[in-house]
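The next block holds one structure in the form of structure tokens; read it before the comments.
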């Protein structure tokens, strides 16, 4: 119970502290900026939630962000309609995730090693196809994805809500969701129970890849360019959001709401650091420290439950 409430309390305390510490924090412009800045990390973290619940990990999501954004913007730069370019970017991410899942299940290599290798492969491929140069010739309408508004709210917030609802529905109301929890809790028992573990493992890595491709397109839209260097270090942000939000790196635990809370905690930390003039390197240290604290709380809770 304490573990579930801790992220919400941390978010509330952080929100109050920043509201008092900076008069600029509660302005609509600043809050809108926080939403836009955290949307990419939150969408990545939604995909990572599925994987971490299954007791896996994906270190390649940052590289998929770059490749998905590049695929979409390169297609649009050649005259492909914006919706088709967006679909191409998402499909690129989906294929990358599918490859991750196939390598993990067919070669029986642990996810950490497979996705660590794919992180380098995909990043290198993004640099090769772009010659290391950003893609600038994107249509102006593409900026709406990351910078547009609907009834005064950032359009990207609507995109995030839709993604969150879909992932929540998958986890809570589908066979895939039930199997993800079963695989993460006890993979051997899942196999003996007749669950097609390999199929569902590939499915969740592909879904995570698709969400990463979407995140890459949002990033490209905000920058108005496709960057082959985009997404560097984003895998840490995604993992941190899940862990801070109550997910367990041992698998079997995690929620969409918790992940979103974890993502917004990191978004507020980044925003607060900027408003208060705190060194950005301190922010990295804080995120690392928070991961350690929340994992330690999880370990202590599990030790008590087994004693």
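The values are calculated or read from the model by the stated rules, or taken from the named source; none is laboratory data. A quick note: this is a predicted structure, and the numbers were derived from the prediction, not measured. A quick note on method: Cβ atoms are made from the backbone with ideal geometry, for glycine too, and the neighbour counts reach across all protein chains shown.
Computed quantities for the displayed model
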{"item": "The stretch 252-278, residues that are surrounded by fewer than 22 Cβ atoms within 10 Å (Cβ to Cβ), in contact (Cβ under 8 Å) with a residue 40 or more places away in the chain and outside any helix (DSSP H, G or I)", "result": "252, 253, 255, 276"}
{"item": "Test: residue in the stretch 184-204 that is crowded, with 21+ Cβ neighbours inside 10 Å and under 30 Å from residue 144 (Cα atoms)", "result": "yes"}
{"item": "Condition check for residue 102: touching a residue at least 12 places away in the same chain (Cβ under 8 Å), within 20 Å of residue 234 (Cα to Cα) and part of a helix (DSSP H, G or I)", "result": "no"}
{"item": "So residue 145, is it touching a helix residue (DSSP H, G or I) at 6+ places or on another chain (Cβ under 7 Å) and modelled with pLDDT of 95 or more", "result": "no"}
{"item": "Only one of 240, 220, 230, 270 that is modelled with pLDDT under 95 and more than 28 Å from residue 142 (Cβ to Cβ)", "result": "240"}
{"item": "Verdict on residue 45 being within 20 Å of the chain's Cα centre (by Cα), farther than 24 Å from residue 240 by Cα and either surrounded by 17 or more Cβ atoms within 10 Å (Cβ to Cβ) or modelled with pLDDT of 95 or more (or both)", "result": "no"}
{"item": "Residue in the stretch 67-81 that is outside any helix (DSSP H, G or I), without any contact (Cβ under 8 Å) to a residue 60 or more places away in the chain, surrounded by fewer than 24 Cβ atoms within 10 Å (Cβ to Cβ) and at positive phi present", "result": "yes"}
{"item": "In the stretch 119-151, the residues that are part of a loop (DSSP other than H, G, I, E, B), surrounded by 12 or more Cβ atoms within 10 Å (Cβ to Cβ) and free of Cβ contacts under 8 Å to residues at least 60 places away in the same chain", "result": "148"}
{"item": "Test: residue in the stretch 1-18 that is closer than 11 Å to residue 272 by Cα, at pLDDT below 90, loosely packed, with under 13 Cβ neighbours inside 10 Å and out of contact with any strand residue (DSSP E or B) (no Cβ under 9 Å at 6 or more places or on another chain)", "result": "no"}
{"item": "Contacts under 8 angstrom Cβ, first residue in the stretch 221-250 being at positive phi and free of Cβ contacts under 8 Å to residues at least 60 places away in the same chain, partner assigned to a loop (DSSP other than H, G, I, E, B) and surrounded by 24 or more Cβ atoms within 10 Å (Cβ to Cβ), 6 or more apart", "result": "none"}
{"item": "Subset of the stretch 220-233 (residues that are part of a helix (DSSP H, G or I) and crowded, with 24+ Cβ neighbours inside 10 Å)", "result": "220, 221"}
{"item": "Any hit, the stretch 206-221, residues being within 30 Å of residue 128 (Cα to Cα) and touching a strand residue (DSSP E or B) at 6+ places or on another chain (Cβ under 7 Å)", "result": "yes"}
{"item": "Test for residue 162: is it touching a strand residue (DSSP E or B) at 6+ places or on another chain (Cβ under 8 Å) and either surrounded by fewer than 17 Cβ atoms within 10 Å (Cβ to Cβ) or assigned to a loop (DSSP other than H, G, I, E, B) (or both)", "result": "no"}
{"item": "Residue identified as crowded, with 24+ Cβ neighbours inside 10 Å, under 14 Å from the mean Cα position of the chain (by Cα) and part of a loop (DSSP other than H, G, I, E, B) among 216, 247", "result": "247"}
